[in-house]
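Notes for the one structure printed next.
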Amino acid sequence: ASQLNLYGTGIGTFNDRMRDGIRGGSPFTDERTQGFATGLATDPSDFTNSSMGQSAQISTLLQESDWIRISLTGNLSNYSFIDAEGQTVTGSSVNYGGQPAGYAATPIEDVDYCSVHDNQTLFDAIQLKSAASDTIAMRARRQVVADSLISLGEGVPFYLGGDDLLRSKDMDNNSYISGDWFNQIDFSYRTNNWGIGLPVAAQNQSQWPIMQPLLADAALDATPTNIQDTTNAFQEFMAIRYSSGLFRMQTFNEVQSNLSFLNTGPNQTPGLIVMKLDENGRNYGPYQHIVVFFNATNSKVTFTNSALAGMQLQLHPIQQHSSDPIVRESTFNSQNGTATIPALTTAVFVSTR
């Protein structure tokens with residue numbers, strides 16, 4: 001069995017395209033390599049700037065954004081959309097390391113994740129990859145944006161236990177023999193297990209020089225407030241997912257007909273993915289239209305598109321009453337189809353007609 005030859009069987013496989021696009025790099029590249037949610041091109045680290053020019057950062061980010069877009073469809077092989085070069089392509093024609101990016105026949109064959117038992121937890125990856133100037137609050141928001149891409153995509157969401165609590169293994173790259181000291185989860189929300197010592201030498205010693213300064217930096221300790229804010233956001237996105245069947249479509253035809261992307265092509269705003277969902281006469285719940293803005297940049301973004309002009313979009317009721325005051329600042333102007341999204345924020349707008 002492989003991702004490609006399971007096409008059409010209804011059997012799901014883990015989607016590493018989504019993982020690599022969100023986090024950046026892969027398990028086989030430098031752990032500091034940035035991606036969509038960790039600041040590539042939009043908030044580059046010193047490591048990124050020393051290894052890639054700005055144009056290379058942008059082109060890599062746009063390619064990885066296409067991996068994420070395809071993954072949001074359920075990683076459908078035959079889904080047609082406009083890619084980073086402005087061409088109309090299918091998911092299977094987008095390159096992922098020499099393989100097709102899209103490989104599933106239906107969303108049930110796609111298991112989306114960005115964190116799993118192998119490699120660093122999502123929090124630890126964000127710590128390794130983020131620009132040194134990013135505060136712990138910014139890093140926690142990066143985690144929320146990353147997990148929102150999993151929660152709001154078609155297909156099957158998969159989360160590592162504790163991702164909603166900023167779980168850390170102290171950057172342990174392979175913790176299956178590391179014991180409870182590194183693998184514990186603090187369900188009291190007081191700590192997240194960060195900064196408890198260098199991870200075991202057997203799997204991590206070569207990376208200790210990179211890890212040690214980060215683990216010793218008290219400014220990177222997650223506070224109980226950071227942890228609580230993250231789990232609140234996680235639960236809100238899960239509730240949003242189940243507020244409409246448009247987030248859980250089951251067939252290729254449904255997804256191709258009802259899901260589209262704005263902000264595509266070579267002139268797109270880097271670090272912003274805009275996903276539009278429409279009922280098109282079918283009943284998926286209370287909302288006829290949903291537009292999701294994933295803003296992974298560290299700046300407020302104002303986005304205008306004629307396809308949104310005249311739409312009576314309002315912030316999702318769950319986000320109107322969100323525990324996150326920043327997402328409540330998201331606005332939409334119906335007259336000209338303009339949305340304004342705060343930095344490091346995923347905002348969901350809905351319309352009942």
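So which helices (runs of 4 or more DSSP H) stay within region 99-188 end to end and still have 2 or more residues that are within 14 Å of the chain's Cα centre (by Cα) and farther than 28 Å from Ser243 by Cα?
Working: elements: 122-129, 136-151, 179-183.
Those helices (runs of 4 or more DSSP H) span 122-129.
Going by what's in this entry, would Leu76 be described as open to solvent by less than 10 Å² (accessible area, probe 1.4 Å) and touching a Leu at 6+ places or on another chain (Cβ under 8 Å)?
Values: open to solvent by less than 10 Å² (accessible area, probe 1.4 Å): yes; touching a Leu at 6+ places or on another chain (Cβ under 8 Å): no.
When the stated conditions are applied, Leu76 does not pass them.
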Review point. When you go through (1) under 22 Å from Pro27 (Cα atoms); (2) in contact with a Phe, Trp or Tyr (Cβ under 8 Å, 6 or more places away or on another chain) one by one for Leu165, which number turns out not to apply?
Key: (1)
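Being of a type outside the set (Gly, Ala, Ser) and within 18 Å of Ile82 (Cβ to Cβ) narrows it down to one residue among Gln319, Gln256, Gln312, Gln288; which is it?
Being of a type outside the set (Gly, Ala, Ser) and within 18 Å of Ile82 (Cβ to Cβ) holds for just one of Gln319, Gln256, Gln312, Gln288, which is Gln256.
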Check your understanding: Can Asp163 be described as in contact with a helix residue (DSSP H, G or I) (Cβ under 6 Å, 6 or more places away or on another chain), within 18 Å of Thr38 (Cα to Cα) and of a type in the set (D, E, K, R)?
Key -> yes
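From Ser51, Ser45, Ser65, grab the single residue that is within 26 Å of Ser151 (Cα to Cα) and small (Gly, Ala, Ser).
On the way: Ser51 fails: within 26 Å of Ser151 (Cα to Cα); Ser45 fails: within 26 Å of Ser151 (Cα to Cα).
From the options Ser51, Ser45, Ser65, the qualifying one is Ser65.
If you check Leu277, Leu272, which single one turns out to be surrounded by fewer than 23 Cβ atoms within 10 Å (Cβ to Cβ) and of a type in the set (A, V, I, L, M, F, W, C)?
Values: Leu277 fails: surrounded by fewer than 23 Cβ atoms within 10 Å (Cβ to Cβ).
Only one candidate passes the filter, namely Leu272.
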Review point. Which pairs do you get when a residue that is in contact (Cβ under 8 Å) with a residue 12 or more places away in the chain and open to solvent by less than 10 Å² (accessible area, probe 1.4 Å), found in region 107-136, comes within reach of a residue that is acidic (Asp, Glu) and assigned to a helix (DSSP H, G or I), reach meaning Cβ atoms under 6 angstrom, with the pair 6+ apart or on two chains?
Key: Ser115/Asp163; Leu122/Asp163
Review point. Only one of these conditions is not met by Asp229: (1) within 26 Å of the chain's Cα centre (by Cα); (2) more than 20 Å from Ala347 (Cβ to Cβ); (3) open to solvent by 70 Å² or more (accessible area, probe 1.4 Å). Which number is it?
Key: (2)
Review point. Out of (1) part of a loop (DSSP other than H, G, I, E, B); (2) in contact with a strand residue (DSSP E or B) (Cβ under 7 Å, 6 or more places away or on another chain); (3) open to solvent by less than 20 Å² (accessible area, probe 1.4 Å), the odd one out for Phe293 is which?
Key: (1)
Practice item. Among the residues of region 1-58, write down those that are within 16 Å of the chain's Cα centre (by Cα) and open to solvent by 20 Å² or more (accessible area, probe 1.4 Å). Key: Phe14, Asp16, Arg19, Arg23, Ser26, Thr33, Thr42
Check your understanding: For region 197-225, how many residues are assigned to a loop (DSSP other than H, G, I, E, B) and closer than 11 Å to Asp172 by Cα?
Key -> 4
Practice item. Scan (1) at pLDDT 95 or above; (2) outside any strand (DSSP E or B); (3) open to solvent by 60 Å² or more (accessible area, probe 1.4 Å) for the single condition Thr302 breaks and write down its number. Key: (2)
Check your understanding: Under the condition of being in a strand (DSSP E or B) and within 21 Å of Leu272 (Cβ to Cβ), which residue from region 81-95 is most open to solvent (accessible area, probe 1.4 Å)?
Key -> Thr88
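Can you confirm whether Asn258 is farther than 24 Å from Ala140 by Cβ and in contact with a strand residue (DSSP E or B) (Cβ under 6 Å, 6 or more places away or on another chain)?
When the stated conditions are applied, Asn258 passes them.
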Check your understanding: When region 229-245 is examined, which residues are found to be under 13 Å from Gln143 (Cα atoms) and either out of contact with any strand residue (DSSP E or B) (no Cβ under 9 Å at 6 or more places or on another chain) or part of a loop (DSSP other than H, G, I, E, B) (or both)?
Key -> Asp229, Thr230, Thr231, Asn232, Phe234
Practice item. Please enumerate the residues belonging to region 51-81 that are in contact (Cβ under 8 Å) with a residue 24 or more places away in the chain and of a type in the set (A, V, I, L, M). Key: Ile58, Leu61, Leu62, Ile68, Ile70, Leu72, Leu76
Check your understanding: Of all the residues that make up region 315-342, how many are surrounded by 14 or more Cβ atoms within 10 Å (Cβ to Cβ) and outside any loop (DSSP other than H, G, I, E, B)?
Key -> 14
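The values are calculated or read from the model by the stated rules, or taken from the named source; none is laboratory data. Predicted model only: the values in this text are computed from it and were never measured. No Cβ is skipped: glycine too gets one built from the backbone with ideal geometry, and neighbour counts run over all protein chains shown. Accessible surface areas use protein heavy atoms only, side chains included; no ligands, DNA or RNA. Shrake-Rupley method; radii C 1.70, N 1.55, O 1.52, S 1.80 Å.
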